[in-house]
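S.K.: The structure under discussion is supplied below as structure tokens; questions concerning it will follow.
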Amino acid sequence: MNFDVAGPFEVSRHGPKALITKRSVVDLKLQLEEWAGGLSEACGCYVFALRAGKGYTPHYVGQSCRNSLLKESLNASNVGTYNEILGEIKGTPVLFLYLC
């Protein structure tokens, strides 16, 4: 099986606490569509990682079968998990997408 990798896509943070919010979804959708038309509606796997220093550290891996990668990767449950990670570890949040 062959996979295409897209990203990393920086996940924007908003507000005084610099959290991932609903506005982050809008910002990410623009990045995905700029990368490739229809990418925000694709299905596959995704990796949430933090970029710090010279590399990336993965923190969460998921897949989307029924929903799009955009909806699944930034659903309410996942955003809560990501924001907890961001409260504990410094870095810039990014997503990598794996399309099959």
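The values are calculated or read from the model by the stated rules, or taken from the named source; none is laboratory data. Because the structure is a prediction, the values reported are computed rather than measured. Neighbour counts are summed over all protein chains in view; Cβ atoms, including those assigned to glycine, are modelled from backbone coordinates with ideal geometry.
S.K.: For residue 95, are the conditions met, namely being within 21 Å of residue 36 (Cβ to Cβ), modelled with pLDDT under 95 and in contact with a helix residue (DSSP H, G or I) (Cβ under 8 Å, 6 or more places away or on another chain)?
M.R.: no
S.K.: Of the conditions (1) among the aliphatic types (A, V, I, L, M); (2) loosely packed, with under 15 Cβ neighbours inside 10 Å; (3) farther than 15 Å from residue 8 by Cβ, residue 52 clears all except one; give me its number.
M.R.: Against the list (1) among the aliphatic types (A, V, I, L, M); (2) loosely packed, with under 15 Cβ neighbours inside 10 Å; (3) farther than 15 Å from residue 8 by Cβ, residue 52 comes up short only on (3).
S.K.: Turning to a different aspect of this structure: Might you check whether a residue that is more than 14 Å from residue 20 (Cβ to Cβ), assigned to a strand (DSSP E or B) and touching an Asp or Glu at 6+ places or on another chain (Cβ under 6 Å) occurs anywhere in region 31-53?
M.R.: No, there is no match, as no residue in region 31-53 is more than 14 Å from residue 20 (Cβ to Cβ), assigned to a strand (DSSP E or B) and touching an Asp or Glu at 6+ places or on another chain (Cβ under 6 Å).
S.K.: Looking at residue 64 and the list (1) in contact (Cβ under 8 Å) with a residue 12 or more places away in the chain; (2) surrounded by fewer than 17 Cβ atoms within 10 Å (Cβ to Cβ), which single condition is not satisfied?
M.R.: Only one criterion in (1) in contact (Cβ under 8 Å) with a residue 12 or more places away in the chain; (2) surrounded by fewer than 17 Cβ atoms within 10 Å (Cβ to Cβ) is unmet by residue 64, namely (2).
S.K.: Still on this structure, I have one more. Quick one: which of 30, 39, 50 is in contact with a Phe, Trp or Tyr (Cβ under 9 Å, 6 or more places away or on another chain) and either modelled with pLDDT under 95 or not aromatic (Phe, Trp, Tyr) (or both)?
M.R.: It is 50.
S.K.: Continuing with this model, one more query. Looking only at region 1-25, filter to residues that are closer than 14 Å to residue 97 by Cβ and of a type in the set (D, E, K, R); which one of those is surrounded by the most Cβ atoms within 10 Å (Cβ to Cβ)?
M.R.: Looking at the filtered set, the residue picked out is 10.
S.K.: Right, something else. May I ask you to list the residues in region 2-11 that are at pLDDT 95 or above and assigned to a loop (DSSP other than H, G, I, E, B)?
M.R.: Applying the first criterion (at pLDDT 95 or above) to region 2-11 yields 8-11.
11, the sole residue that qualifies.
S.K.: Exactly one of these conditions fails for residue 40: (1) of a type in the set (S, T, N, Q); (2) touching a strand residue (DSSP E or B) at 6+ places or on another chain (Cβ under 6 Å); (3) within 26 Å of residue 2 (Cα to Cα). Give me its number.
M.R.: For residue 40, the exception is condition (2).
S.K.: If you scan region 54-100, which residues turn out to be under 21 Å from residue 26 (Cα atoms), among the hydrophobic types (A, V, I, L, M, F, W, C), touching a Gly at 6+ places or on another chain (Cβ under 7 Å) and not in a helix (DSSP H, G or I)?
M.R.: Residues satisfying the conditions are 94, 95, 96, 97, 99.
S.K.: Scan region 12-30 for residues that are charged (D, E, K, R) and either touching a residue at least 40 places away in the same chain (Cβ under 8 Å) or not in a loop (DSSP other than H, G, I, E, B) (or both) and jot them down.
M.R.: Passing the criteria: 13, 22, 23, 27, 29.
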